[in-house]
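One structure below.
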Amino acid sequence: MRRARIDPAFTTPYIAKTMAIREIIKIPDKRLRLKSEPVQKIDAGIKKLVDDMFETMYAAPGIGLAAIQLGVAKRVVTMDLSKKEEDHKPQVFINPEIIWASEERAKYEEGCLSIPEYYEEVERPAEVKVKYLDLDGKSHEIKAKGLLATCLQHEIDHTNGVLFIDYLSKLKRDRVVKKFTKAAKESAMKKEEA
Ligand code: GNR
Ligand code: NI
(Lines give C-alpha, C1' and ligand atoms only; values in the text may rest on other atoms or scores of the structure.)
(Ligands and ions follow the chains in the order given, each with its own letter.)
Protein backbone atom coordinates (compact mmCIF):
# COMPACT_ATOMS: atom_id res chain seq x y z
CA MET A 1 0.00 0.00 0.00
CA ARG A 2 1.22 3.50 -0.78
CA ARG A 3 1.92 5.83 2.07
CA ALA A 4 -0.87 8.39 2.51
CA ARG A 5 0.31 11.91 1.72
CA ILE A 6 -0.74 13.21 5.10
CA ASP A 7 0.61 10.35 7.22
CA PRO A 8 1.56 12.37 10.33
CA ALA A 9 4.47 10.06 11.12
CA PHE A 10 5.94 11.14 7.82
CA THR A 11 5.00 14.83 7.78
CA THR A 12 5.45 15.92 11.40
CA PRO A 13 9.27 15.91 11.52
CA TYR A 14 9.27 17.74 8.21
CA ILE A 15 6.90 20.39 9.57
CA ALA A 16 8.97 20.76 12.73
CA LYS A 17 12.07 21.54 10.68
CA THR A 18 10.68 23.78 7.98
CA MET A 19 7.31 25.31 8.87
CA ALA A 20 8.71 28.20 10.79
CA ILE A 21 6.16 30.94 10.21
CA ARG A 22 4.57 31.65 13.57
CA GLU A 23 1.53 33.76 14.43
CA ILE A 24 2.20 37.44 15.11
CA ILE A 25 0.22 38.57 18.14
CA LYS A 26 -1.82 41.77 17.81
CA ILE A 27 -3.08 44.45 20.18
CA PRO A 28 -4.83 44.26 22.64
CA ASP A 29 -2.94 41.02 23.49
CA LYS A 30 -1.48 41.75 26.94
CA ARG A 31 1.73 39.86 26.21
CA LEU A 32 2.80 42.85 24.08
CA ARG A 33 3.08 44.77 27.38
CA LEU A 34 5.53 42.34 29.02
CA LYS A 35 9.12 43.27 29.71
CA SER A 36 11.17 40.59 27.95
CA GLU A 37 13.94 38.69 29.73
CA PRO A 38 17.59 38.93 28.68
CA VAL A 39 19.02 35.94 26.81
CA GLN A 40 21.45 34.14 29.11
CA LYS A 41 22.76 31.56 26.69
CA ILE A 42 22.58 31.58 22.90
CA ASP A 43 21.63 27.93 22.44
CA ALA A 44 19.79 25.90 19.77
CA GLY A 45 16.45 27.16 21.08
CA ILE A 46 17.45 30.79 20.51
CA LYS A 47 18.78 29.94 17.04
CA LYS A 48 15.49 28.25 16.11
CA LEU A 49 13.61 31.27 17.48
CA VAL A 50 15.75 33.60 15.32
CA ASP A 51 15.12 31.42 12.23
CA ASP A 52 11.38 31.49 12.88
CA MET A 53 11.48 35.24 13.44
CA PHE A 54 13.15 35.81 10.06
CA GLU A 55 10.73 33.55 8.25
CA THR A 56 7.75 35.20 9.92
CA MET A 57 9.15 38.70 9.34
CA TYR A 58 9.88 38.10 5.63
CA ALA A 59 6.49 36.50 5.08
CA ALA A 60 4.57 39.32 6.79
CA PRO A 61 6.39 41.28 5.26
CA GLY A 62 8.11 43.51 7.80
CA ILE A 63 11.51 45.15 8.25
CA GLY A 64 11.91 44.28 11.92
CA LEU A 65 10.52 41.93 14.53
CA ALA A 66 10.85 41.47 18.30
CA ALA A 67 10.43 37.98 19.82
CA ILE A 68 7.51 39.14 21.98
CA GLN A 69 5.52 39.64 18.76
CA LEU A 70 5.59 35.83 18.52
CA GLY A 71 4.64 35.62 22.21
CA VAL A 72 8.21 34.86 23.35
CA ALA A 73 9.34 37.25 26.11
CA LYS A 74 13.06 37.21 25.28
CA ARG A 75 15.20 40.19 24.28
CA VAL A 76 15.73 39.10 20.67
CA VAL A 77 15.28 41.32 17.60
CA THR A 78 15.57 40.55 13.89
CA MET A 79 15.79 43.15 11.15
CA ASP A 80 16.32 43.50 7.41
CA LEU A 81 16.39 46.99 5.94
CA SER A 82 17.52 45.93 2.45
CA LYS A 83 15.44 47.39 -0.35
CA LYS A 84 15.51 44.62 -2.90
CA GLU A 85 14.11 41.21 -2.08
CA GLU A 86 17.05 39.53 -3.79
CA ASP A 87 19.81 40.77 -1.49
CA HIS A 88 18.60 40.05 2.02
CA LYS A 89 20.64 41.65 4.78
CA PRO A 90 19.47 39.82 7.90
CA GLN A 91 20.58 41.40 11.18
CA VAL A 92 20.13 39.93 14.66
CA PHE A 93 20.31 41.93 17.89
CA ILE A 94 20.38 40.01 21.16
CA ASN A 95 19.86 41.92 24.42
CA PRO A 96 19.95 45.28 22.57
CA GLU A 97 20.31 48.40 24.73
CA ILE A 98 20.30 52.09 23.88
CA ILE A 99 23.44 53.50 25.49
CA TRP A 100 23.16 57.01 24.01
CA ALA A 101 20.50 59.04 22.20
CA SER A 102 20.91 62.36 20.36
CA GLU A 103 19.14 65.53 21.43
CA GLU A 104 18.15 65.98 17.81
CA ARG A 105 14.80 64.41 16.95
CA ALA A 106 13.49 62.94 13.72
CA LYS A 107 9.97 62.16 12.57
CA TYR A 108 9.18 58.94 10.79
CA GLU A 109 5.94 57.30 9.75
CA GLU A 110 5.83 54.03 11.68
CA GLY A 111 3.82 50.87 11.39
CA CYS A 112 3.80 47.69 13.44
CA LEU A 113 2.96 44.10 12.54
CA SER A 114 1.12 43.85 15.87
CA ILE A 115 -1.11 46.80 14.80
CA PRO A 116 -1.58 45.92 11.13
CA GLU A 117 -2.41 48.56 8.54
CA TYR A 118 -2.12 51.48 10.97
CA TYR A 119 0.52 54.12 10.32
CA GLU A 120 1.34 57.32 12.18
CA GLU A 121 4.25 59.72 12.40
CA VAL A 122 6.39 59.31 15.53
CA GLU A 123 9.15 61.61 16.78
CA ARG A 124 12.21 59.95 18.32
CA PRO A 125 15.92 60.68 18.83
CA ALA A 126 17.46 61.01 15.35
CA GLU A 127 20.57 59.02 16.32
CA VAL A 128 21.23 56.32 18.89
CA LYS A 129 24.13 54.18 20.01
CA VAL A 130 23.08 50.60 20.60
CA LYS A 131 24.97 47.82 22.35
CA TYR A 132 23.99 44.23 21.57
CA LEU A 133 25.23 40.66 21.16
CA ASP A 134 25.40 38.82 17.84
CA LEU A 135 24.42 35.16 17.41
CA ASP A 136 27.95 34.13 18.46
CA GLY A 137 27.57 36.03 21.72
CA LYS A 138 30.05 38.69 20.61
CA SER A 139 29.34 42.21 21.89
CA HIS A 140 28.96 45.12 19.44
CA GLU A 141 28.26 48.84 19.61
CA ILE A 142 26.78 50.68 16.64
CA LYS A 143 25.80 54.27 15.99
CA ALA A 144 22.59 54.36 13.99
CA LYS A 145 20.65 57.08 12.18
CA GLY A 146 17.78 57.21 9.73
CA LEU A 147 15.59 54.13 9.32
CA LEU A 148 18.01 51.92 11.32
CA ALA A 149 17.78 54.28 14.32
CA THR A 150 13.98 54.37 14.11
CA CYS A 151 13.63 50.63 13.70
CA LEU A 152 16.07 49.82 16.53
CA GLN A 153 14.16 52.11 18.88
CA HIS A 154 10.82 50.61 17.79
CA GLU A 155 12.11 47.05 18.41
CA ILE A 156 13.88 47.84 21.70
CA ASP A 157 10.60 49.42 22.84
CA HIS A 158 8.87 46.08 22.09
CA THR A 159 11.36 44.29 24.38
CA ASN A 160 10.22 46.70 27.12
CA GLY A 161 6.48 46.34 26.44
CA VAL A 162 6.23 49.71 24.69
CA LEU A 163 4.36 50.25 21.40
CA PHE A 164 4.62 53.16 18.95
CA ILE A 165 1.01 54.11 19.67
CA ASP A 166 2.18 55.05 23.19
CA TYR A 167 3.74 58.17 21.63
CA LEU A 168 0.49 59.32 20.02
CA SER A 169 -2.24 61.44 21.58
CA LYS A 170 -4.57 59.60 23.95
CA LEU A 171 -7.39 60.21 21.49
CA LYS A 172 -5.57 58.49 18.62
CA ARG A 173 -4.29 55.64 20.82
CA ASP A 174 -7.70 54.95 22.38
CA ARG A 175 -9.29 54.97 18.94
CA VAL A 176 -6.91 52.37 17.47
CA VAL A 177 -6.96 50.15 20.60
CA LYS A 178 -10.78 50.22 20.55
CA LYS A 179 -10.88 49.24 16.89
CA PHE A 180 -8.56 46.24 17.42
CA THR A 181 -10.35 45.20 20.63
CA LYS A 182 -13.65 45.10 18.74
CA ALA A 183 -12.07 43.11 15.90
CA ALA A 184 -10.56 40.60 18.39
CA LYS A 185 -13.94 40.13 20.10
CA GLU A 186 -15.70 39.58 16.79
CA SER A 187 -13.15 37.01 15.68
CA ALA A 188 -13.44 35.20 19.03
CA MET A 189 -17.26 35.11 18.57
CA LYS A 190 -16.89 33.65 15.09
CA LYS A 191 -14.62 30.94 16.47
CA GLU A 192 -17.25 30.03 19.06
CA GLU A 193 -19.95 29.77 16.40
CA ALA A 194 -17.86 27.46 14.24
O1 GNR B 1 7.71 46.41 9.30
C2 GNR B 1 7.81 47.37 10.05
N3 GNR B 1 8.00 48.61 9.53
C4 GNR B 1 8.34 49.72 10.28
C5 GNR B 1 8.23 50.96 9.68
C6 GNR B 1 8.57 52.10 10.39
C7 GNR B 1 9.02 52.00 11.67
C8 GNR B 1 9.13 50.77 12.28
C9 GNR B 1 8.80 49.63 11.58
S10 GNR B 1 8.95 48.08 12.35
C11 GNR B 1 7.70 47.20 11.52
C12 GNR B 1 7.68 45.74 11.93
C13 GNR B 1 7.38 45.64 13.42
O14 GNR B 1 6.27 45.73 13.89
N15 GNR B 1 8.40 45.49 14.21
O16 GNR B 1 8.23 45.45 15.53
NI1 NI C 1 6.39 46.60 15.91
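The values are calculated or read from the model by the stated rules, or taken from the named source; none is laboratory data. Every value quoted in this text rests on a predicted model; they were computed, and no experiment measured them. Every residue, glycine as well, gets a Cβ built from its backbone with ideal geometry; the counts of neighbours run over all protein chains shown. Please note that ligands, DNA and RNA were not included when accessible areas were found on the heavy atoms of the full protein model with its side chains. Shrake-Rupley method; radii C 1.70, N 1.55, O 1.52, S 1.80 Å.
Whenever you get a sec, compute what percent of the accessible area on the chain sits on carbon and sulfur atoms (1.4 Å probe). Could the numbers behind the result be given before it?
Numbers: 6800 of 12530 Å².
Carbon-and-sulfur percentage of accessible area, whole number: 54.
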Q. What full-extension length gain, to one decimal in nm, is calculated for Lys138 and Ser187 as 0.36 nm per residue of separation minus the Cα-Cα distance?
A. 13.3 nm
Q: Kindly list the residues of segment 111-150 that lie in the label zone of Arg31, defined by a backbone N under 20 Å from the point 7 Å along the Cα-to-C-beta vector.
A: 112-117
Q. Just by accessible area at a 1.4 angstrom probe, what is the order of His140, His154, His88 from largest to smallest?
A. His88, His140, His154
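Could you work out the local net charge near Arg105, counting Lys and Arg as +1, Asp and Glu as -1, over the other residues with Cβ closer than 11 Å to its Cβ?
Numbers: positive: Lys107, Arg124; negative: Glu103, Glu104, Glu123, Glu127.
So the surrounding residues net to -2.
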Q: Could you do me a favour and compute the accessible area per residue for the chain, 1.4 Å probe, result in Å²?
A: 65 Å²
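Is there a pair in Lys35/Lys131; Lys26/Lys107; Lys107/Lys138; Lys107/Lys178; Lys129/Lys178; Lys143/Lys182 whose C-alpha atoms are over 29 Å apart, and which pairs would that be?
Details: Lys35/Lys131 18 Å; Lys26/Lys107 24 Å; Lys107/Lys138 32 Å; Lys107/Lys178 25 Å; Lys129/Lys178 35 Å; Lys143/Lys182 41 Å.
In this structure, Lys107/Lys138; Lys129/Lys178; Lys143/Lys182 lie more than 29 Å apart at Cα.
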Q | Amide H contacts under 5 Å for Val122, placed H, 5+ residues apart | A | Tyr108, Glu109, Glu110
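Normalised by the number of residues in the chain, what is the relative contact order in percent for Cα pairs under 8 Å and 6+ residues apart? Kindly include the intermediate steps, with their values, before the conclusion.
On the way: 291 pairs, mean separation 39.5, N = 194.
Computed over the chain, the figure is 20 percent.
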Q: Beta carbons within 10 angstrom, averaged per residue: use that to sort the peptides 98-109, 141-152, highest first.
A: 141-152, 98-109
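Assuming R0 = 45 Å, can you tell me the calculated FRET efficiency for the pair Glu55 and Asp174, based on Cβ-Cβ distance, to the nearest 0.05?
Numbers: r = 34 Å, r/R0 = 0.75.
That gives a FRET efficiency of 0.85.
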Q: Would you kindly state how much longer the chain becomes between Glu104 and Ala20 on full extension, computed as 0.36 nm times their sequence separation minus their alpha carbon distance, in nm to one decimal?
A: 26.3 nm
